[in-house]
Amino acid sequence: MLNLLDNIKDTLLLGAGPSNVAPSVSQALAKKTLGHLDPYLFEINDGIMEGLRQLMGTKNHFTIPLSGTGSIGMEASFVSVTEPGDKVLIIENGFFATRMIEVASRVGADVTTLHFPWGKPYDLDEVKQTIQNGGFKVVAAVYAETSTGIKNPVDVIGGMLKDSDTIFLVDAVTALGGVPLEVDEWGIDILYSCSQKCLACPPGLSPFTMSDHALEAVKNRKSKIPNWYLDVELLQKYYEGTPRVYHHTVPSNMFYALYQGIFNILEEGKENAYKRHRAAHEALMAGLDPMGWKPLVEAPENRLPQLNTMLVPEGVDEASLRKALLTEYTIEVGGGLGELAGKTIRIGLMGYNANVEVVDRLLAAMKEIL
Ligand SMILES: *Cc1c(COP(=O)(O)O)cnc(C)c1O
């Protein structure tokens, strides 16, 4: 009988995620499945929570892997702290911030959008003005905007919100493990990420943290959290309760994978991991520039090393290029998203793939095709 799994290709995943899984993570996945209430699984779980705190730069006790992809972190964030009519500001300069608008609107939030052109940095004076005049319960921003490759200054926005009751909510889906992150120092109250980008794990978990300030806001809700699966007070009883209380059957093998992914970064040293991402990015820029490819994000200090959005040079058909890379070289790169479709390609150098050898392989393939 034909087994489809025998024909999975060894594709180099240089798109916007998932990225290639580290071999040690694949081995971790294959270990024996434990029950969701096994004491040893709780030890592993505690290890994940502590490792995530270190990666995120936080002392928040409620720092857990949510069962779901990055978007579930977004859902959990808004569903926890916004009730119908609550004023929410979303600072938007890309596709994933527009998804935040959609998610916040569905829970009935009164959403104000502060829009900036895609690929361009925030106008910080305008952000400050809007925050000062707004009376927002929640301000939300995307740190690493994967649709454009821009790194947004969430540290500065956090500074603007210090000493206020406003909850600062940050998307760090592509950021975690690839660029510095200091949740406590930057004044972030809620932050979520995913397993499949810079942590070099398969998709399926969403690292998530909430400050005491944000948990207080949950306690002070007028209505119940409308979503049972993402009710953080129920999740607390599983992740931190004595005794631990069953909520849902957590995916233990994915827990092993995440544990190993975090372990690898902490063993390397997170600063070293950031340096490795930066070196790969610089090698990519140096190789693509003479071929006529320029990054969408102008200022080098605003660019994400792990996600490179490149403007397609005149005369290049980006769809055929991506197709040739995939079919002839088994290399996947991403197309443009939203308004950037057809005008850009996105090259991810995330996690296990953030190294110069990978960049050289991509550049060689692109040179041959073009
Ligand atoms: C990938 C991504 C998401 C969505 O994550 P999924 O794992 O696809 O659900 C959200 N925000 C940003 C910035 C992302 O890059």
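The values are calculated or read from the model by the stated rules, or taken from the named source; none is laboratory data. If you're wondering where the values come from, they're calculated on a predicted model, not measured in any experiment. Virtual Cβ from ideal backbone geometry, glycine too; neighbours counted across all protein chains shown. Areas reflect the complete protein model, heavy atoms only, side chains present, ligands, DNA and RNA absent. Shrake-Rupley method; radii C 1.70, N 1.55, O 1.52, S 1.80 Å.
Which condition does W118 not pass, out of (1) closer than 26 Å to K270 by Cα; (2) within 16 Å of the ligand (Cβ to nearest atom), if it passes all the others? Only one criterion is unmet by W118, namely (1).
Residue pairs whose Cβ atoms lie under 6 Å apart, separated by 6 or more positions or on different chains, with the first residue in the stretch 352-365 and in a loop (DSSP other than H, G, I, E, B) and the second surrounded by 15 or more Cβ atoms within 10 Å (Cβ to Cβ), are A354/R276; A354/H277; A354/A280; N355/A280. The single condition among (1) under 14 Å from the mean Cα position of the chain (by Cα); (2) away from the ligand (no atom under 16 Å from the Cβ) that Q129 does not satisfy is (1).
Being closer than 27 Å to Q260 by Cα, in the same structural domain as Q260 (by TED's automatic domain parsing), open to solvent by 20 Å² or more (accessible area, probe 1.4 Å) and of a type in the set (K, R) is a property that does not hold for K120.
Does G57 count as on the phi > 0 side of the Ramachandran plot and within 16 Å of the ligand (Cβ to nearest atom)? No; evaluated as a whole, the condition is false for this residue. Could you tell me whether L169 is open to solvent by less than 50 Å² (accessible area, probe 1.4 Å), within 16 Å of the ligand (Cβ to nearest atom) and out of contact with any Lys or Arg (no Cβ under 6 Å at 6 or more places or on another chain)? Criteria met by L169. Would you confirm, using the coordinates I've provided, whether R303 is basic (K, R), out of contact with any helix residue (DSSP H, G or I) (no Cβ under 9 Å at 6 or more places or on another chain) and open to solvent by 30 Å² or more (accessible area, probe 1.4 Å)? Considered against the rule, which asks whether it is basic (K, R), out of contact with any helix residue (DSSP H, G or I) (no Cβ under 9 Å at 6 or more places or on another chain) and open to solvent by 30 Å² or more (accessible area, probe 1.4 Å), R303 comes out as no. For the stretch 239-285, the set of residues classified as in contact with a Lys or Arg (Cβ under 6 Å, 6 or more places away or on another chain) and either over 29 Å from R221 (Cβ atoms) or open to solvent by less than 40 Å² (accessible area, probe 1.4 Å) (or both) consists of Y256 only. Within the stretch 60-78, being within 16 Å of the ligand (Cβ to nearest atom), open to solvent by 10 Å² or more (accessible area, probe 1.4 Å) and not small (G, A, S) holds for T69, I72, E75. Here D189 passes the criteria (1) away from the ligand (no atom under 14 Å from the Cβ); (2) over 20 Å from V103 (Cα atoms) except the one numbered (2). Counting just the residues of the stretch 84-112 that are away from the ligand (no atom under 16 Å from the Cβ) and over 20 Å from S164 (Cα atoms), which one comes out most open to solvent (accessible area, probe 1.4 Å)? Once the filter is applied, the top-ranked residue is P84.
Among the residues of the stretch 26-59, how many are aromatic (F, W, Y) and open to solvent by 70 Å² or more (accessible area, probe 1.4 Å)?
Total satisfying the criteria: 1.
When the stretch 220-230 is filtered for residues that are surrounded by fewer than 20 Cβ atoms within 10 Å (Cβ to Cβ) and either touching a helix residue (DSSP H, G or I) at 6+ places or on another chain (Cβ under 8 Å) or in contact (Cβ under 8 Å) with a residue 40 or more places away in the chain (or both), the ones remaining, listed by number, are R221, K222, S223, I225, P226, N227, W228.
When G158 is tested against (1) farther than 21 Å from P300 by Cβ; (2) open to solvent by less than 10 Å² (accessible area, probe 1.4 Å); (3) touching a helix residue (DSSP H, G or I) at 6+ places or on another chain (Cβ under 9 Å), exactly one condition is not met: (3).
Within the set G149, G134, the sole residue that is of a type outside the set (S, T, Y) and either closer than 25 Å to C194 by Cα or surrounded by 19 or more Cβ atoms within 10 Å (Cβ to Cβ) (or both) turns out to be G149. Filtering V359, V316 for residues that are of a type in the set (A, V, I, L, M), outside the structural domain of A144 (by TED's automatic domain parsing) and in contact with a helix residue (DSSP H, G or I) (Cβ under 6 Å, 6 or more places away or on another chain) leaves a single hit, V359.
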